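Asker: Let me give you the structure first, and then I'll get to my questions.
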Amino acid sequence: MEHLIHQRVKDMQITGIRRFSDVVARYQDVVSLTIGEPDFPTPDYIRQAGELAIRQNKTGYTHIAGLLELREAAGRFLEKQYGLTYDPVDEIIITNGATEAIAAAMRTILDEGAEVILPGPVYSGYEPVISLCGAVPVYIDTRDTDFLITADMIQAKITDKTRCIVLPYPSNPTGAVLDEQAVREIAELLSDKDIFVLSDEIYSELTYEKNHFSIGAIPGMRDKTITINGLSKSHAMTGWRIGFLCGPAYLAKEMLKVHQYNVICPSAVSQYAALAALQVDHGCTVAMKAAYRKRRDYVYDRLTAMGMEVVKPAGTFYMFPSIRKFQLSSQQFALQLLEQAKVAVVPGDAFSEMGEGYIRISCSYSMEKLETALNRMEPFVQRLTESVEQGGLQ
Ligand SMILES: Cc1ncc(COP(=O)(O)O)c(C=O)c1O
């Protein structure tokens, strides 16, 4: 019967992150810096709201677009933080994390042969959905531009089949953040074109030098932009599965159908917890961000002191150093680091072919753990550096 399974599904791969995690699980005493989620627990007041919802039997279906109060709170949050103006009644959908939002958006706008432009290296969650729709990913190589795309780079890839451009900033895995000027230039390029923008802003609260700037807030872009956000990263709520899918009403009404037939609605309990997260600002996001920033600075300083080449991330909790000079593939580097130093990182090729030559380090671990990992990594990197300098690897 296996031959009856959809070929596109068979062609899909489990993400490189999960595959490598399975390898890591076979080793003992490993310090793992592989996971891309906050190490903080969900703040107390949010968990308590979830518990209360259960005790009060708020456990049924909600409106398919999510609780209206939650949509209103999400709308206020997005307006206050980023100047986005989505109507909670018919322009905001509460989804099962940003993941479901990405899938619902893409399945609404992509059909056979449509081209989707995206920067590489990039988060591994887009390409499988694009391919499942029969659409085609078109990568822009950002390795020589500090992982940033420009309007000119996009223009060079636009064809009459281009349906959508994914703006995944702040970026997993690189931590790159697009500044306002770059976003405005992209908007200018797209102003007279019928091309959607899917702006995945799940890390928008985690920027360090400058605030995140949303393309959907630019007049003229609102009508062609799908904005995706959520609480997974900002509020340490990955397991609650709450995302926001926002778009102009004509588009949201179509995305709502895909969402309904896929999930009906996210868990009601999670929605009440999310409502508490947005209604009361206890400063938890700011506090967690301060911790990530300290860790970023520490890891960056240690890596550069080891002689590693790394672009300092302006956002997220990831670091994406180059390992090209060691003349190993990212898989080989990660495996040797695991075997010889008992430190786990994600091979860069998990983030498209353009991630080859890099590793992803997640800094969402305690300072103590980061310090142990880097102490173990240092002699390993030193050995590799010496081998390369002596003209060959043993
Ligand atoms: C860029 C990006 N978008 C979306 C997601 C998925 O987020 P969620 O857990 O809200 O589904 C992730 C998760 O790592 C991510 O890195």
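Asker: For the stretch 87-102, give me each residue that is crowded, with 24+ Cβ neighbours inside 10 Å and aliphatic (A, V, I, L, M).
Answerer: Once the filter is applied, which keeps residues that are crowded, with 24+ Cβ neighbours inside 10 Å and aliphatic (A, V, I, L, M), the stretch 87-102 yields I92, I93, I94, A98, A101, I102.
Asker: Out of the residues in the stretch 260-270 that are within 26 Å of L52 (Cβ to Cβ) and not aliphatic (A, V, I, L, M), state the one that is farthest from the ligand (Cβ to nearest atom).
Answerer: C265
Asker: Quick check on the stretch 361-372. Is at least one of its residues basic (K, R) and touching a helix residue (DSSP H, G or I) at 6+ places or on another chain (Cβ under 8 Å)? Let's see the steps before the verdict.
Answerer: The initial filter retains those residues of the stretch 361-372 that are basic (K, R), namely 369.
From what's left, touching a helix residue (DSSP H, G or I) at 6+ places or on another chain (Cβ under 8 Å): none.
No, the stretch 361-372 contains no residue that is basic (K, R) and touching a helix residue (DSSP H, G or I) at 6+ places or on another chain (Cβ under 8 Å).
Asker: Looking only at the stretch 222-238, count how many residues are more than 14 Å from the ligand (Cβ to nearest atom) and either assigned to a helix (DSSP H, G or I) or surrounded by fewer than 21 Cβ atoms within 10 Å (Cβ to Cβ) (or both).
Answerer: So the first thing to find is which residues in the stretch 222-238 are more than 14 Å from the ligand (Cβ to nearest atom), and the list is 222-225.
Going one step further and asking which of them are either assigned to a helix (DSSP H, G or I) or surrounded by fewer than 21 Cβ atoms within 10 Å (Cβ to Cβ) (or both), we end up with 222-224.
Count: 3.
Asker: Another question about this same structure. Can you go through P128, P173, P137 and tell me which one is in contact with a Ser or Thr (Cβ under 8 Å, 6 or more places away or on another chain) and within 16 Å of the ligand (Cβ to nearest atom)?
Answerer: Details: P128 fails: in contact with a Ser or Thr (Cβ under 8 Å, 6 or more places away or on another chain); P173 fails: in contact with a Ser or Thr (Cβ under 8 Å, 6 or more places away or on another chain).
Exactly one of P128, P173, P137 is in contact with a Ser or Thr (Cβ under 8 Å, 6 or more places away or on another chain) and within 16 Å of the ligand (Cβ to nearest atom), namely P137.
Asker: Can I ask one more? Can you go through R107, R71 and tell me which one is more than 15 Å from the ligand (Cβ to nearest atom), touching a residue at least 24 places away in the same chain (Cβ under 8 Å) and assigned to a helix (DSSP H, G or I)? Before you say what the answer is, go through the steps one by one.
Answerer: Details: R71 fails: touching a residue at least 24 places away in the same chain (Cβ under 8 Å).
Criteria check complete, one pass: R107.
Asker: Determine if the stretch 239-252 includes at least one residue that is outside any strand (DSSP E or B), farther than 21 Å from L68 by Cβ and within 13 Å of the ligand (Cβ to nearest atom).
Answerer: Within the stretch 239-252, the first condition is being outside any strand (DSSP E or B), and the residues that meet it are 239-242, 247-252.
From what is left, the residues that are farther than 21 Å from L68 by Cβ are 239.
Within this subset, residues satisfying the condition of being within 13 Å of the ligand (Cβ to nearest atom) are 239.
Yes: one or more hits.
Any read-out appearing in this document is the output of simple, stated calculations on the displayed coordinates, not a laboratory observation. The shown structure was predicted, so the numbers you read here are calculated from the model rather than taken from an experiment. All Cβ positions, even for glycine, are placed from backbone atoms using ideal geometry, and neighbour counts span all protein chains on display.
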